[in-house]
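Notes for the one structure printed next.
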Amino acid sequence: MKVDRYNFASQFGDELHLITEQISRMLVTGHYILTEEVSHFEAAFADYLGARYAQGVNTGTDALTIAFLALGIEPGDEVITQANTFNATVTGVIRAGAKPVLVDADEASFLIDESQVQAAITARTRVILPVHLYGKPTPLNRLLTLAQKHDLHLVEDAAQAHGARIGGRRVGTFGAAGCFSFHPSKNLAAAGDAGAIVTNHDSIDGLIRRYRELGQYGQNNHVVTGLNSKLDSIQALILSRKLPNLDSWNAQRRIVAGWYRERLGNLPLQFQSPDDEHVYHLFQIRVEKRDQLLELLRSEGIDAVVRYPTPIHLQPAFANCGWRKGQFPVAEKLANELLCLPIRPDLSVSEVDFVADKIRMFYEG
Ligand SMILES: *Cc1c(COP(=O)(O)O)cnc(C)c1O
């Protein structure tokens, strides 16, 4: 048996021909940039999230960069985020000219350790940037209170958590801005790179609009140095077709995660602490002999992978940030011990049984 991580064909189902027909029609019109396909998706995505505004950009990394620029980040300003995240979180901060300040991960949730955020705040702090990592919503009460108290913005990196909720409200809508990626690996996937920024604030939305379009206020009037980063119309079309399925796909991911938790529950491994609103972008298990288990699963045709083997503070790209080994011990442990099992909405019980049997064999011989 082969157990894959992705099934792109199933994401289109029998609507594939509708999409290709729409694309064909669009190709011959010559209307490609910021067309009604883009504004249609932006409105639908904002509506889905319960946000006032959404704007499409090239990537999730650009979404972060532009969000910080729109918040008026200046060189030397600090953004607090976590040591255990995907590179893009921190690259977005640096590309906007700010200085990333890291805090360690929490051992149970695999999210930012909220209790360490306060100590990381300085006179230069402008933003707190939690990541809803692997699809699990970061509890925001405490961070929102801290942000308010110190007059900081909260920006959510929701690139792995489209549709996840906290108390009924979708993540990405709690702070000044929420940043999303539609990279093909994500729960809502474009057929290439794509991203979006959502906000409930008029003035921030206006600035996002300028920054994604070379700082233009009306044609040929460039008043700030922006990016050229706009959601592609073809991607917008594809995303609009997929969006109505997102909730049922996320529900199915939760069911698959439940199967894994049930079947692996009595083995000496750890799961991310459960949450009913988790959207399981990734299903992570924490295992001491991670690399041996990875090798065994891969040799059995199971597409298990390691996401992210090097924590942010130990990546060569960030060597000049001055972090050192041992500084964020939980993030380091998680980087060495987490393993992603295949998860997709259409993963079958028999596939989960197969994966679980192999893991059981690993422990029981
Ligand atoms: C995917 C991702 C991003 C953005 O990635 P892009 O590839 O630039 O769209 C940002 N943060 C996290 C946590 C991600 O997983």
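All Cα-Cα separations within the chain were binned at 10 Å from zero, giving a P(r) of 5, 24, 32, 25, 11, 2, 0, each value a whole percent of the pairs. For residue 166, the amide hydrogen comes within under 5 Å of the amide hydrogens of 171, counting only partners 5 or more places away or on other chains and with H modelled in the peptide plane. Remark on residue 307: its backbone amide H falls under 5 Å from those of 340, a criterion applied only to residues 5 or more positions apart or on other chains, H modelled at 1.01 Å from N. Rounded to whole numbers, the Karplus 3J(HN,Hα) couplings from phi for segment 118-125 are 3, 5, 8, 6, 10, 5, 8, 5 Hz, using 6.51 cos²θ - 1.76 cosθ + 1.60 with θ = phi - 60°, and x at Gly and Pro.
Note on residue 120 and residue 47: with the Förster distance fixed at 41 Å, the Cβ-Cβ geometry gives a FRET efficiency of about 0.70. Of the accessible area of the chain, computed with a 1.4 Å probe over protein heavy atoms only, carbon and sulfur atoms account for 50 percent. Taking all protein chains together and rolling a 1.4 Å probe, residue 318 ends up with roughly 10 Å² accessible. Excluding ligands, DNA and RNA, the accessible surface per residue across the chain is 42 Å² with a 1.4 Å probe. Beta-bridge orientation, the chain: approximately 60 percent antiparallel, per DSSP, counting only bridges with both partners inside.
The values are calculated or read from the model by the stated rules, or taken from the named source; none is laboratory data. As the structure is a computational prediction, the values presented were derived from the model and not from experiment. Note: ideal-geometry Cβ built from the backbone for every residue, glycine included; neighbour counts use all protein chains shown. Surface accessibility is based on the protein's heavy atoms, side chains included, excluding ligands, DNA and RNA. Shrake-Rupley method; radii C 1.70, N 1.55, O 1.52, S 1.80 Å.
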